[in-house]
1. For a protection proxy built on the mean count of beta-carbon atoms within 10 angstrom, sort 138-146, 96-104, 17-25 highest first, please.
2. Accessible area of the range 55-182 with a 1.4 Å probe: how many percent of it is carbon plus sulfur?
3. Determine the principal axes of the Cα atoms in the range 131-201, then give the extent along each, sorted from largest to smallest and rounded to whole angstroms.
4. List the trypsin sites (Lys or Arg not before Pro) within the range 132-236 that fall in a DSSP loop (any state other than H, G, I, E or B) and whose Cβ has at most 15 other Cβ atoms within 10 Å.
5. Please report, to one decimal in angstroms, the Kirkwood hydrodynamic radius of the range 74-144 built from all distinct Cα-Cα pairs.
6. What accessible area per residue, rounded to a whole number of Å², is obtained for the range 2-65 using a probe radius of 1.4 Å?
7. Per residue, how much accessible surface does the range 128-204 expose to a 1.4 Å probe? Answer in Å², no decimals.
8. Can you tally the net charge around GLN170? Count Lys and Arg as +1, Asp and Glu as -1, for every other residue whose Cβ sits under 15 Å from the Cβ of GLN170.
Amino acid sequence: MILRPRPTTWQLLYLMRGSILPLVAPRLLFVGAVACLASWFAQRQPHVFAQITVAPFTLIGIALSLFLGFRNSACHERWWEGRKQWGALLVHTRALARQTDALLAQAPTLRTELLRAAIGFTHALNARLRGGQTAAAAAPWLPDEAAAAIAAAPNPTDAVLGWMSRRLGQALHDQQVHPLLYPSLAAPVAGLGEVQAACERIHGTPLPFAYTLLLHRTALLFCTLLPFGLAGDRACPPLPSRPRRPCACPGQGSGREWTSVHDRAMTQSRVRARAALRVGAARPPSSRRAAWPDGHSSLRHATQT
(Lines give C-alpha, C1' and ligand atoms only; values in the text may rest on other atoms or scores of the structure.)
Protein backbone atom coordinates (compact mmCIF):
# COMPACT_ATOMS: atom_id res chain seq x y z
CA MET A 1 0.00 0.00 0.00
CA ILE A 2 1.27 3.46 -0.90
CA LEU A 3 1.30 5.69 2.18
CA ARG A 4 0.93 9.42 1.62
CA PRO A 5 0.99 12.36 4.04
CA ARG A 6 -2.41 13.49 5.22
CA PRO A 7 -3.64 16.29 2.90
CA THR A 8 -4.68 19.62 4.29
CA THR A 9 -8.16 21.10 3.91
CA TRP A 10 -7.00 23.30 1.04
CA GLN A 11 -5.32 20.39 -0.75
CA LEU A 12 -8.55 18.40 -0.66
CA LEU A 13 -10.09 20.96 -3.04
CA TYR A 14 -7.66 20.37 -5.90
CA LEU A 15 -5.95 17.03 -5.14
CA MET A 16 -6.35 14.73 -8.18
CA ARG A 17 -4.08 11.79 -7.42
CA GLY A 18 -6.22 8.90 -6.25
CA SER A 19 -9.48 10.67 -7.19
CA ILE A 20 -12.07 9.39 -9.66
CA LEU A 21 -12.89 12.94 -10.78
CA PRO A 22 -10.88 12.67 -14.05
CA LEU A 23 -12.86 9.52 -14.92
CA VAL A 24 -16.31 11.03 -14.32
CA ALA A 25 -15.54 14.58 -15.51
CA PRO A 26 -17.13 14.08 -18.98
CA ARG A 27 -20.31 12.75 -17.37
CA LEU A 28 -20.41 15.68 -14.97
CA LEU A 29 -20.12 18.12 -17.87
CA PHE A 30 -22.92 16.33 -19.70
CA VAL A 31 -25.26 16.49 -16.69
CA GLY A 32 -24.40 20.16 -16.16
CA ALA A 33 -25.19 20.95 -19.80
CA VAL A 34 -28.55 19.14 -19.58
CA ALA A 35 -29.38 21.04 -16.38
CA CYS A 36 -28.64 24.39 -18.03
CA LEU A 37 -30.73 23.43 -21.05
CA ALA A 38 -33.68 22.39 -18.86
CA SER A 39 -33.56 25.66 -16.87
CA TRP A 40 -33.35 27.75 -20.03
CA PHE A 41 -36.30 25.93 -21.59
CA ALA A 42 -38.40 26.20 -18.39
CA GLN A 43 -37.98 29.96 -18.29
CA ARG A 44 -39.31 30.30 -21.84
CA GLN A 45 -41.96 27.56 -21.79
CA PRO A 46 -43.19 27.40 -18.15
CA HIS A 47 -46.49 25.73 -19.06
CA VAL A 48 -44.68 22.63 -20.31
CA PHE A 49 -43.15 21.96 -16.86
CA ALA A 50 -46.22 22.88 -14.83
CA GLN A 51 -47.24 19.26 -14.18
CA ILE A 52 -43.73 17.85 -13.63
CA THR A 53 -42.66 17.12 -10.04
CA VAL A 54 -39.63 15.53 -8.42
CA ALA A 55 -41.64 12.87 -6.53
CA PRO A 56 -40.89 10.04 -9.03
CA PHE A 57 -37.22 10.94 -9.02
CA THR A 58 -37.14 10.60 -5.24
CA LEU A 59 -38.19 6.96 -5.47
CA ILE A 60 -35.76 6.28 -8.30
CA GLY A 61 -32.99 7.99 -6.34
CA ILE A 62 -33.53 5.67 -3.38
CA ALA A 63 -33.27 2.60 -5.59
CA LEU A 64 -30.25 4.03 -7.38
CA SER A 65 -28.47 4.74 -4.11
CA LEU A 66 -28.98 1.11 -3.08
CA PHE A 67 -27.58 -0.11 -6.42
CA LEU A 68 -24.55 2.14 -6.09
CA GLY A 69 -23.97 1.03 -2.51
CA PHE A 70 -24.06 -2.64 -3.51
CA ARG A 71 -21.66 -2.07 -6.40
CA ASN A 72 -19.19 -0.10 -4.30
CA SER A 73 -19.30 -2.83 -1.65
CA ALA A 74 -18.67 -5.51 -4.28
CA CYS A 75 -15.74 -3.56 -5.75
CA HIS A 76 -14.24 -2.99 -2.31
CA GLU A 77 -14.63 -6.67 -1.43
CA ARG A 78 -12.77 -7.74 -4.57
CA TRP A 79 -10.05 -5.19 -3.95
CA TRP A 80 -9.67 -6.22 -0.30
CA GLU A 81 -9.58 -9.93 -1.15
CA GLY A 82 -6.84 -9.28 -3.70
CA ARG A 83 -4.86 -7.37 -1.09
CA LYS A 84 -5.20 -10.28 1.34
CA GLN A 85 -4.05 -12.78 -1.27
CA TRP A 86 -0.89 -10.82 -2.04
CA GLY A 87 -0.29 -10.51 1.68
CA ALA A 88 -0.61 -14.29 1.94
CA LEU A 89 1.92 -14.64 -0.90
CA LEU A 90 4.37 -12.63 1.17
CA VAL A 91 3.70 -14.88 4.17
CA HIS A 92 4.35 -18.08 2.20
CA THR A 93 7.51 -16.77 0.55
CA ARG A 94 8.96 -15.74 3.91
CA ALA A 95 8.04 -19.12 5.35
CA LEU A 96 9.79 -20.85 2.46
CA ALA A 97 12.90 -18.74 3.00
CA ARG A 98 12.98 -19.57 6.72
CA GLN A 99 12.33 -23.28 6.23
CA THR A 100 14.98 -23.71 3.55
CA ASP A 101 17.51 -21.78 5.61
CA ALA A 102 16.90 -24.00 8.64
CA LEU A 103 16.37 -27.40 6.98
CA LEU A 104 18.55 -27.22 3.86
CA ALA A 105 21.75 -25.88 5.35
CA GLN A 106 23.58 -28.98 4.01
CA ALA A 107 22.14 -28.48 0.50
CA PRO A 108 22.84 -24.87 -0.51
CA THR A 109 22.32 -25.58 -4.21
CA LEU A 110 18.82 -26.92 -3.62
CA ARG A 111 17.98 -23.98 -1.38
CA THR A 112 19.17 -21.49 -4.00
CA GLU A 113 17.14 -23.18 -6.74
CA LEU A 114 13.96 -23.18 -4.66
CA LEU A 115 14.25 -19.55 -3.62
CA ARG A 116 15.04 -18.39 -7.13
CA ALA A 117 12.06 -20.38 -8.40
CA ALA A 118 9.86 -18.67 -5.80
CA ILE A 119 11.07 -15.29 -7.07
CA GLY A 120 10.27 -16.39 -10.61
CA PHE A 121 6.79 -17.49 -9.49
CA THR A 122 6.11 -14.05 -8.01
CA HIS A 123 7.13 -12.35 -11.25
CA ALA A 124 5.16 -14.83 -13.33
CA LEU A 125 1.98 -14.37 -11.27
CA ASN A 126 2.32 -10.60 -11.51
CA ALA A 127 2.73 -10.83 -15.30
CA ARG A 128 -0.20 -13.25 -15.63
CA LEU A 129 -2.58 -10.96 -13.77
CA ARG A 130 -1.43 -7.93 -15.77
CA GLY A 131 -1.57 -9.67 -19.14
CA GLY A 132 2.20 -9.82 -19.65
CA GLN A 133 4.61 -12.51 -20.79
CA THR A 134 4.40 -15.04 -17.97
CA ALA A 135 7.11 -17.44 -19.14
CA ALA A 136 9.52 -14.61 -19.96
CA ALA A 137 9.05 -13.14 -16.48
CA ALA A 138 9.94 -16.42 -14.74
CA ALA A 139 12.68 -17.67 -17.10
CA PRO A 140 15.61 -15.57 -15.73
CA TRP A 141 15.21 -17.16 -12.29
CA LEU A 142 15.09 -20.82 -13.37
CA PRO A 143 17.61 -23.31 -14.75
CA ASP A 144 17.77 -23.57 -18.53
CA GLU A 145 15.97 -26.92 -18.78
CA ALA A 146 13.24 -25.79 -16.38
CA ALA A 147 12.74 -22.49 -18.25
CA ALA A 148 12.30 -24.35 -21.54
CA ALA A 149 9.72 -26.72 -20.06
CA ILE A 150 7.79 -23.91 -18.41
CA ALA A 151 7.68 -21.87 -21.63
CA ALA A 152 5.84 -24.77 -23.32
CA ALA A 153 3.33 -25.21 -20.48
CA PRO A 154 -0.24 -23.86 -20.88
CA ASN A 155 0.00 -22.25 -17.44
CA PRO A 156 3.62 -21.22 -16.83
CA THR A 157 2.87 -19.85 -13.37
CA ASP A 158 1.53 -23.18 -12.15
CA ALA A 159 4.37 -24.95 -13.98
CA VAL A 160 6.89 -23.12 -11.78
CA LEU A 161 5.23 -24.55 -8.67
CA GLY A 162 5.15 -27.96 -10.30
CA TRP A 163 8.89 -27.77 -10.94
CA MET A 164 9.49 -26.78 -7.30
CA SER A 165 7.45 -29.76 -6.09
CA ARG A 166 9.31 -32.15 -8.38
CA ARG A 167 12.62 -30.72 -7.21
CA LEU A 168 11.65 -31.33 -3.59
CA GLY A 169 10.49 -34.86 -4.44
CA GLN A 170 13.79 -35.58 -6.14
CA ALA A 171 15.66 -34.30 -3.09
CA LEU A 172 13.52 -36.56 -0.90
CA HIS A 173 14.40 -39.62 -2.98
CA ASP A 174 18.08 -38.62 -2.99
CA GLN A 175 17.92 -38.36 0.82
CA GLN A 176 18.81 -34.67 0.76
CA VAL A 177 15.59 -34.01 2.67
CA HIS A 178 14.41 -36.12 5.61
CA PRO A 179 10.90 -37.57 5.18
CA LEU A 180 9.78 -35.92 8.41
CA LEU A 181 10.98 -32.52 7.19
CA TYR A 182 9.48 -32.76 3.72
CA PRO A 183 5.97 -31.53 4.75
CA SER A 184 7.49 -28.36 6.23
CA LEU A 185 9.09 -27.55 2.88
CA ALA A 186 6.11 -28.54 0.75
CA ALA A 187 3.56 -26.53 2.77
CA PRO A 188 4.74 -23.06 1.56
CA VAL A 189 4.69 -24.28 -2.05
CA ALA A 190 1.10 -25.47 -1.59
CA GLY A 191 0.24 -22.09 -0.08
CA LEU A 192 1.61 -20.34 -3.15
CA GLY A 193 -0.69 -22.50 -5.27
CA GLU A 194 -3.70 -21.39 -3.22
CA VAL A 195 -2.74 -17.74 -3.70
CA GLN A 196 -2.46 -18.24 -7.45
CA ALA A 197 -5.86 -19.94 -7.66
CA ALA A 198 -7.54 -17.15 -5.66
CA CYS A 199 -5.94 -14.39 -7.76
CA GLU A 200 -6.94 -16.10 -10.99
CA ARG A 201 -10.50 -16.45 -9.71
CA ILE A 202 -10.70 -12.72 -8.97
CA HIS A 203 -9.11 -11.86 -12.30
CA GLY A 204 -11.34 -14.14 -14.34
CA THR A 205 -14.72 -13.46 -12.71
CA PRO A 206 -15.67 -9.76 -13.00
CA LEU A 207 -18.92 -8.31 -11.78
CA PRO A 208 -21.95 -9.55 -13.79
CA PHE A 209 -22.49 -7.49 -16.92
CA ALA A 210 -26.29 -7.46 -16.49
CA TYR A 211 -25.92 -5.88 -13.05
CA THR A 212 -23.50 -3.26 -14.38
CA LEU A 213 -25.75 -2.50 -17.35
CA LEU A 214 -28.80 -2.03 -15.11
CA LEU A 215 -26.92 0.33 -12.81
CA HIS A 216 -25.42 2.47 -15.56
CA ARG A 217 -28.65 2.67 -17.53
CA THR A 218 -30.65 3.70 -14.46
CA ALA A 219 -28.06 6.30 -13.49
CA LEU A 220 -28.01 7.74 -17.01
CA LEU A 221 -31.79 8.12 -17.16
CA PHE A 222 -31.93 9.57 -13.65
CA CYS A 223 -29.20 12.17 -14.27
CA THR A 224 -30.67 13.14 -17.64
CA LEU A 225 -34.30 13.54 -16.54
CA LEU A 226 -33.80 14.97 -13.04
CA PRO A 227 -32.97 18.52 -14.24
CA PHE A 228 -36.33 18.66 -16.07
CA GLY A 229 -38.11 17.63 -12.89
CA LEU A 230 -36.33 20.29 -10.85
CA ALA A 231 -37.06 22.93 -13.47
CA GLY A 232 -40.81 22.35 -13.02
CA ASP A 233 -40.70 23.47 -9.38
CA ARG A 234 -42.27 26.96 -9.39
CA ALA A 235 -41.56 27.71 -5.75
CA CYS A 236 -38.55 29.74 -6.86
CA PRO A 237 -37.11 30.87 -10.19
CA PRO A 238 -35.53 27.85 -11.86
CA LEU A 239 -31.76 27.82 -11.74
CA PRO A 240 -29.29 25.50 -13.39
CA SER A 241 -29.07 22.51 -11.10
CA ARG A 242 -25.62 21.69 -9.85
CA PRO A 243 -24.05 18.60 -11.43
CA ARG A 244 -24.58 15.70 -9.09
CA ARG A 245 -21.33 13.83 -8.81
CA PRO A 246 -22.75 10.62 -7.26
CA CYS A 247 -25.12 10.22 -10.22
CA ALA A 248 -22.40 10.22 -12.86
CA CYS A 249 -22.02 6.43 -12.75
CA PRO A 250 -19.46 6.45 -9.93
CA GLY A 251 -19.69 2.69 -9.66
CA GLN A 252 -17.67 2.33 -12.84
CA GLY A 253 -15.10 4.81 -11.67
CA SER A 254 -14.84 3.19 -8.25
CA GLY A 255 -14.19 -0.18 -9.85
CA ARG A 256 -11.34 1.30 -11.88
CA GLU A 257 -9.97 3.03 -8.81
CA TRP A 258 -9.97 -0.22 -6.80
CA THR A 259 -8.13 -1.85 -9.71
CA SER A 260 -5.55 0.95 -9.82
CA VAL A 261 -4.94 0.83 -6.07
CA HIS A 262 -4.71 -2.97 -6.14
CA ASP A 263 -2.27 -2.76 -9.05
CA ARG A 264 0.04 -0.54 -7.00
CA ALA A 265 -0.33 -2.85 -4.00
CA MET A 266 0.68 -5.83 -6.18
CA THR A 267 3.90 -4.04 -7.07
CA GLN A 268 4.70 -3.31 -3.42
CA SER A 269 3.97 -6.92 -2.38
CA ARG A 270 6.17 -8.22 -5.18
CA VAL A 271 9.01 -6.02 -3.92
CA ARG A 272 8.65 -7.37 -0.37
CA ALA A 273 8.51 -10.96 -1.59
CA ARG A 274 11.66 -10.46 -3.64
CA ALA A 275 13.41 -8.99 -0.60
CA ALA A 276 12.32 -11.93 1.58
CA LEU A 277 13.69 -14.45 -0.92
CA ARG A 278 17.03 -12.80 -1.58
CA VAL A 279 19.92 -15.23 -1.88
CA GLY A 280 23.61 -14.99 -2.51
CA ALA A 281 23.36 -15.68 -6.24
CA ALA A 282 19.96 -14.09 -6.86
CA ARG A 283 21.10 -12.02 -9.85
CA PRO A 284 19.77 -13.60 -13.09
CA PRO A 285 22.28 -14.80 -15.68
CA SER A 286 23.45 -12.10 -18.07
CA SER A 287 22.29 -14.15 -21.08
CA ARG A 288 18.63 -14.12 -19.97
CA ARG A 289 18.49 -11.12 -17.67
CA ALA A 290 14.98 -9.75 -17.30
CA ALA A 291 14.30 -6.15 -18.10
CA TRP A 292 13.88 -4.20 -14.87
CA PRO A 293 10.93 -1.78 -14.92
CA ASP A 294 11.53 1.84 -14.11
CA GLY A 295 11.44 2.64 -10.44
CA HIS A 296 12.57 -0.82 -9.25
CA SER A 297 16.17 -0.01 -8.42
CA SER A 298 15.50 -0.86 -4.76
CA LEU A 299 14.11 -4.23 -5.83
CA ARG A 300 17.22 -4.95 -7.92
CA HIS A 301 19.42 -4.04 -4.96
CA ALA A 302 17.46 -6.31 -2.61
CA THR A 303 17.90 -9.36 -4.83
CA GLN A 304 21.60 -8.77 -5.33
CA THR A 305 22.48 -8.42 -1.65
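1. On the way: 138-146: 20.9, 96-104: 17.9, 17-25: 14.0.
Highest-to-lowest ranking by the protection proxy: 138-146, 96-104, 17-25.
2. Working: 3640 of 6280 Å².
Exposed carbon and sulfur together represent 58 percent of the surface.
3. The Cα atoms of the range 131-201 stretch 40, 29, 17 Å along their principal axes.
4. Details: sites: ARG166, ARG167, ARG201, ARG217, ARG234; in loops: ARG234.
Answer in residue order: ARG234.
5. Numbers: mean 1/r = 0.0739 Å⁻¹.
Evaluated on the range 74-144, it is 13.5 Å.
6. On the way: 4740 Å² over 64 residues.
Per-residue value: 74 Å².
7. Numbers: 3870 Å² over 77 residues.
So the range 128-204 comes to 50 Å² accessible per residue, rounded to a whole number.
8. Working: positive: ARG111, ARG166, ARG167; negative: GLU113, GLU145, ASP174.
Summing Lys/Arg as +1 and Asp/Glu as -1 gives 0.
The values are calculated or read from the model by the stated rules, or taken from the named source; none is laboratory data. Because the structure is predicted, anything quoted here is derived from the model rather than measured. When we count neighbours, we look across all protein chains shown, and the Cβ atoms used for this are built from the backbone with ideal geometry, even at glycine. SASA here: full protein model, heavy atoms, side chains in, ligands and nucleic acids out. Shrake-Rupley method; radii C 1.70, N 1.55, O 1.52, S 1.80 Å.
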